[in-house]
Amino acid sequence: MSAQPDVKTCDVFGYQLAYHRDGSGETALLVHGITTYSFIWRRIVPLLSAQYDVISVDLLGCGHSDKPLDVDYSIKHHTDLLHEFVAQLDICPFHYVGHDLGAGIGQIYAVRHPEQLFDLTLINTVAYDFWPVQPIITMRTPIIRQLAMATLDFGTLKLLVKRGVYYQDRVTPELMDLFWVSMKTREGRKAFLHFAKCLNNQHLLEIEEALREMSLPVLIIRGEADFYLSSEISQRLHREIPGSKLVRIATGGHYIQEDEPQKITDSIMRFFEENRHARKS
């Protein structure tokens, strides 16, 4: 696996968003969810960047991006931040690939700005009112947030990660060190808890009807061993989004990028290629 390129930064509304960029061709923007940052794509980027210009961004409050606590971290506002990020980099049109909350942000982005996207890929996504899930939802309670600040340690995080990975031998010291980056500082923990506090599933309920009317090509990838998110999410999205494609991967946990990077990339690249041919015909 090749190393990630150097971290770049982009000024978005006065805050610095960190991102990686590698490859050339049509642009694919990779957007992570809560508990992770751009590292979660580390096994995907070398495969995808062989044919595409791949950008993996750290959302505000995550990874190496700024972590202000006086800013809304809801998925609606993250959509606004990404819209400005895309404008700054001048990458439209592009392929949107999202995981977890990043895929929820992608749903809002696709509804608001369909003209900017070639297509939308949702990987182990949140949707409708099936989220937030435990243990994230408990972080909304002030006393739990304070307790988490004091007690969230490496061992607790490792347990959460192991539940999210199908192949347990993939939970290596290297992987845990990457997960721990955002949690090992007080600033990072505060930002994570603020992110959890700002979650509001109403923001995805608001776009239910728009999803049913969407004409954008949509690929839904579901790791069937996802401990955290229900299979009903992907099934319902597939039923309600016209023409959407659903790929099920039995050997994928919530962090399916670690379990099955080749299968994910093959599905994504096949989807991109099919859409390219459809645009030309």
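What follows draws every value from the coordinates through simple rules; no lab data is involved. In this text, all values refer to a predicted model and were calculated from it rather than measured experimentally. So basically every Cβ, Gly included, is an ideal-geometry build from the backbone, and we count neighbours across all protein chains shown.
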Item to complete: Just the number, please: percent antiparallel of the DSSP beta bridges in the chain, rounded to the nearest 5.
Response: 25 percent
Worksheet item: Which whole-Hz ³J(HN,Hα) couplings does the stretch 92-104 yield from phi under the Karplus relation 6.51 cos²θ - 1.76 cosθ + 1.60, θ = phi - 60°, glycine and proline marked x?
Response: 6, x, 8, 8, 9, 10, x, 10, 6, 5, x, 6, x
Worksheet item: Using a ≥ b ≥ c from the Cα gyration tensor of the chain (square roots of the eigenvalues), is it rounded, prolate or oblate, where a/c under 1.5 gives rounded and otherwise the larger of a/b and b/c decides, a/b for prolate?
Response: rounded
Practice prompt. For every helix of n ≥ 4 consecutive DSSP H residues, a contribution of -39,500 (n - 2.57) applies; sum these over the chain, divide by its total residues, and give [θ] at 222 nm rounded to the nearest 500 deg cm²/dmol.
Written response: -12000 deg cm²/dmol
Worksheet item: How much of the calculated P(r) for the stretch 13-134 lies past 25 Å, in percent of all Cα pairs?
Response: 16 percent
Practice prompt. With a cut-off of at most 13 other beta carbons within 10 Å, and DSSP calling the residue loop, which chymotrypsin sites (Phe, Trp or Tyr not before Pro) in the stretch 1-81 qualify? Please list them.
Written response: 13
Item to complete: Can you bin the stretch 188-238 into rounded, prolate or oblate? Criterion: square roots of the alpha carbon gyration tensor eigenvalues sorted a ≥ b ≥ c, rounded for a/c under 1.5, prolate for a/b above b/c, oblate for the rest.
Response: oblate
Discussion item. Can you work out the Karplus-derived ³J(HN,Hα) for every residue in the stretch 35-44? Use 6.51 cos²θ - 1.76 cosθ + 1.60 with θ = phi - 60°, whole Hz, and x for glycine or proline.
Written reply: 6, 10, 8, 4, 4, 5, 9, 4, 8, 8
Fill in: Relative contact order (%) - the stretch 1-83, alpha-carbon pairs under 8 angstrom, separation at least six
31 percent
Response to the item:
Per the 1/(1 + (r/R0)^6) rule, R0 = 22 Å and r from the Cβ atoms of residue 215 and residue 235, FRET efficiency to 0.05 is 0.55
Worksheet entry | the chain, relative contact order in percent, only Cα pairs under 8 angstrom and at least six apart counted | 20 percent
Practice prompt. Measure off 7 Å from each Cα along the Cα-to-Cβ vector at residue 245 and residue 92, then give the distance between these two points in nanometres to one decimal.
Written response: 2.5 nm
Practice prompt. Report the label-to-label distance for residue 266 and residue 205 in nanometres (one decimal), using points 7 Å from each Cα along the Cα→Cβ vector.
Written response: 4.0 nm
Worksheet entry | Label zone at residue 26 (point 7 Å along Cα-to-Cβ), backbone N below 16 Å, the stretch 252-281 | 265-281
